[in-house]
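The structure appears right after this line, and notes come after that.
The values are calculated or read from the model by the stated rules, or taken from the named source; none is laboratory data. What you see is a predicted model; the values in this text were computed from it and never measured. Every residue, glycine among them, receives a Cβ derived from its backbone with ideal geometry; neighbour counts consider all protein chains shown. Heavy atoms of the whole protein, side chains included, go into the accessibility calculation; ligands, DNA and RNA do not. Shrake-Rupley method; radii C 1.70, N 1.55, O 1.52, S 1.80 Å.
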Amino acid sequence: MSVSILIVDDEPDVADLFRQRFRREVREGTYVIHFAGSGEEALGKLADGVRPELIVLLSDINMPGMDGLGLLREVKQRHAELPVIMVTAYGDDERRRKASEYGAAEFVTKPVDFDLLKQHLQQLPPPHLRAPA
């Protein structure tokens with residue numbers, strides 16, 4: 001059974017990188033990868049419903065408009081049970097503290113260690129086993 005991952009990043013090359021690094025998992029039907037170029041676009045996709053069922057949202061922190069921390073806060077208000085992994089080029093303690101305070105499941109620093117990220121994804125509970133909000 002496939003599950004979805006929503007990746008939020010304003011850099012277009014990030015989508016290409018994720019497509020390349022998850023090519024095998026997508027081909028095998030493990031994951032369906034969705035992309036949003038902004039926090040606002042991501043909230044729109046969540047409101048419309050992502051299919052197959054969304055297992056995790058990965059968001060960059062530094063984006064124009066709504067940044068990743070703002071998106072994290074909105075997502076947790078609307079979909080408290082949805083795991084959110086924050087991805088950033090900046091690994092400073094203040095961002096980590098805020099991401100943790102706002103409910104981030106993980107905090108990943110760029111360049112992304114895709115093997116480690118895939119391990120994190122495999123440890124996430126299936127959507128039907130999550131505690132309701």
Checklist entry - Looking at the square roots a ≥ b ≥ c of the eigenvalues of the Cα gyration tensor of the stretch 83-127, which shape do they give, rounded for a/c under 1.5, prolate if a/b is larger than b/c, or oblate? => result oblate
Checklist entry - Roughly what would the spin-label model give for residue 53 and residue 114, points 7 Å off Cα along C-beta, in nm? => result 2.7 nm
Next on the checklist: Give me log10 I(q)/I(0) at q = 0.16, 0.17 Å⁻¹ for the stretch 1-71, Debye formula, one equal scatterer per alpha-carbon, no solvent.
Outcome noted: -0.53, -0.59
Checklist outcome for this item: Once normalised by the length of the stretch 44-109, the mean sequence separation of its alpha carbon contacts under 8 Å that are 6 or more apart gives a contact order in percent of 33 percent
Checklist entry - Which of the lysines could be linked to residue 110 by a straight reach, that is with a Cα gap under 21 Å, when you skip same-chain ones fewer than 8 residues away? => result 98, 118
Checklist entry - How far is the Cα center of the stretch 19-45 from the Cα center of the stretch 80-111, in Å? => result 19 Å
Next on the checklist: Could you work out what % of the accessible surface of the chain is carbon and sulfur, using a 1.4 angstrom probe and leaving DNA, RNA and ligands out of the count?
Outcome noted: 48 percent
Checklist outcome for this item: Taking placed amide H atoms and a strict 5 Å upper bound, the residues 5 or more places from residue 66 or on another chain that come that close are 39, 40
Item to check | Isotropically averaged projected area of the stretch 41-104, using the convex hull of Cα atoms (one quarter of hull area), nm² | outcome: 4.3 nm²
Item to check | Charge dipole of the chain about the Cα centre (unit charges at C-beta), most positive-ward option of 37, 83, 2 | outcome: 2
Checklist outcome for this item: For the chain, the Cα-Cα pair-distance distribution in 10 Å bins from 0, as whole percents, is 12, 48, 35, 4
Checklist entry - Remind me, relative contact order of the chain in percent, using alpha carbon pairs under 8 angstrom and six or more residues apart? => result 23 percent
